[in-house]
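Structure first, commentary second.
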Amino acid sequence: MEFGTKTAETSIVKQETSVPPSKEVAKTVNTLSTENEDFELKGKVVTKGDIKHWNNSRGTGKLFNATIVDSNGDEIQATFFNEAVDTFYQLVSENKVYNFSKGRVKLANRRYSSCDYQLTFDKNASIVEVFDDGHIEENYKFSKICTLKNKVGEVVDLCAVVVGVGPVVEFTSRKSVQLKKRTLTVVDDSNTEIELTLWNNQAENKRVDVGSVIIAKNLKVTDFQTCSLSTIRDSSKLVVNNTQIPEATVLLNWYKKIHGKEPSVKLTQKTDLSEKLPRVSLSELQERFKGKEEGQELLVISGFIGFIKKDDVSSIWYTACKNSEVCKKKVVLGADGLYTCSKCNETSSECSYCYMASIKIQDFSGSFWVRSFDNTAHKIVGYTASYLQKLHNTDEQEFDKVMNSLPGKSIEAVVKVSVYGGRTQATLQSVLEPSTQKTLELYLKDLNK
């Protein structure tokens with residue numbers, strides 16, 4: 001494996017100092033093809049993803065992705081595998097320039113890339129940090145929102161103003177992977193709005209407010225809810241309020257002077273998910289999964305709160321990162337009297353509280369226990385977990401009054417029921433407005449059985 005070094009004591013990545021390299025770069029992105037057996041690409045790393053591990057029938061391994069931009073502003077994604085992860089992950093940094101060689105050129109998956117090709121690197125790669133002469137800049141090809149309905153399945157760049165910011169929502173995917181998302185509503189000077197979904201780290205850590213101008217690169221156009229946008233893992237880049245980009249300044253002036261004078265056209269048409277899901281009684285829910293070893297399904301249930309487990313307050317909430325609006329990571333009080341969030345890498349004498357409650361729901365046919373986390377339990381209780389915890393410590397009588405008012409409260413909700421190894425577990429996904437008519441229809445249906 002070739003890798004630039006100065007001495008045994010210096011960094012593995014070669015750092016050129018004040019003099020730009022005299023040798024011209026052999027290739028640029030637009031000259032790469034699968035026929036390039038030997039290439040050298042000078043480029044700036046603009047995004048670098050997390051390390052991902054896999055374990056399947058073909059074996060185990062790890063990789064990370066990076067997006068590289070060349071002197072023409074063209075970009076390409078590079079994937080580093082196994083030994084290359086060990087060698088290069090800590091040494092390759094965003095916003096630095098390198099010469100990349102001794103890799104392979106492959107056809108890219110155009111569903112997730114705007115480029116025809118992608119690069120792969122293994123233990124034989126050569127990556128040398130070079131002088132940044134300031135000539136490598138990202139090239140944006142902005143699409144107007146009004147044109148996106150005709151670009152479903154494509155990857156686009158966007159310049160838009162944020163007009164709505166949703167909360168961070170945590171959920172488990174069908175593959176049992178914990179995910180987080182945040183939905184923004186954005187508009188541009190075509191006076192057209194669309195929803196943009198940020199995922200995981202960008203959903204949690206990217207500070208975006210109403211009125212902010214966002215510059216987004218590599219967004220996927222989907223047909224979800226007619227038309228919407230989504231970030232792509234390890235590829236999408238989001239910059240907020242960069243007024244050095246002329247389009248951002250022009251758009252901000254439009255937003256301040258013209259936006260709102262006429263109603264915006266909305267590309268994203270929201271549909272009520274609960275209308276498409278099976279609506280079942282609690283006895284039907286139990287029968288549905290009886291005898292199953294594996295399975296998962298979203299269902300709509302309705303009834304009333306029978307009981308909330310509160311034999312110990314730790315069964316209602318848990319201590320969470322003090323920045324619980326964006327991070328709900330569980331924290332533990334250390335021997336030094338401080339809470340440490342491993343996710344935010346912060347230590348503090350304070351913490352927040354988030355719900356993790358066990359709730360017994362009842363209806364005319366029976367009862368069923370469900371788990372309720374912060375977003376759903378807050379709607380049921382009517383108070384945040386932090387407020388309820390403070391009430392428990394300062395006014396236990398009032399705390400008991402709040403908790404005792406909950407049994408008998410009507411509830412309609414989307415619940416995710418999962419079966420693993422024959423064990424059934426249900427988690428509330430969202431709390432809906434109760435529908436008396438539909439509950440009555442279920443009751444009459446049960447009577448006719």
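Read the figures in this text as sums done on the coordinates, not as results from a lab. Owing to the predicted nature of the structure, the values given are computational and were not obtained by experimental measurement. Please note: Cβ atoms are built from the backbone with ideal geometry, for glycine as well, and neighbour counts cover all protein chains shown.
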> Hey, which aspartates and glutamates would be in cross-link range of Lys256, C-alpha to C-alpha under 13 Å, not counting anything within fewer than 8 residues on its own chain?
Replying inline: Asp188, Asp189
> Sequence-distant or interchain residues sharing an amide H contact under 5 Å with Gly164, placed H: which?
Replying inline: Thr185
> Given [x] 63, 57, 45; [y] 67, 48, 40; [z] 82, 58, 47 as candidate values of Cα extents along the principal axes in Å, which corresponds to the one derived from the coordinates?
Replying inline: [z]
>> Explain nothing, just compute: Karplus ³J(HN,Hα) = 6.51 cos²θ - 1.76 cosθ + 1.60, θ = phi - 60°, for every residue of the range 332-339 in order, whole Hz, x for Gly and Pro.
In response: 10, 5, x, 5, 7, x, 10, 9
>> Could you work out [θ]222 nm for the chain from helices alone, using -39500 (n - 2.57) per DSSP H run of at least four and dividing by all its residues? Round to the nearest 500 deg cm²/dmol.
In response: -4500 deg cm²/dmol
> What list do you get for Ser57, Ser236 if you sort them by fewest beta carbons within 10 Å?
Replying inline: Ser57, Ser236
> In whole angstrom, how far apart do the alpha carbon centroids of the range 86-148 and the range 393-417 sit?
Replying inline: 52
>> 5 Å is the cut-off here: which amide hydrogens, built 1.01 Å from N in the peptide plane, fall below it relative to Lys96, excluding neighbours closer than 5 in sequence?
In response: Val45
> Where does each of Leu391, Leu179, Leu428 land when they are ranked from fewest to most other beta-carbon atoms within 10 angstrom?
Replying inline: Leu179, Leu391, Leu428
>> With θ taken as phi - 60° and the coefficients 6.51, -1.76 and 1.60, list the Karplus ³J(HN,Hα) couplings across the range 130-137 in order, rounded to whole Hz; mark glycine and proline as x.
In response: 10, 4, 8, 8, x, 8, 9, 10
>> Skipping prolines and chain starts, which residues have an amide H placed within reach, meaning under 5 Å, of the one on Lys102, given they are 5 or more residues away or on another chain?
In response: Phe39, Ser126
> Residue by residue through the range 192-199, which ³J(HN,Hα) values in whole Hz follow from phi under the Karplus form 6.51 cos²θ - 1.76 cosθ + 1.60 (θ = phi - 60°), with glycine and proline marked x?
Replying inline: 10, 9, 8, 8, 10, 9, 9, 10
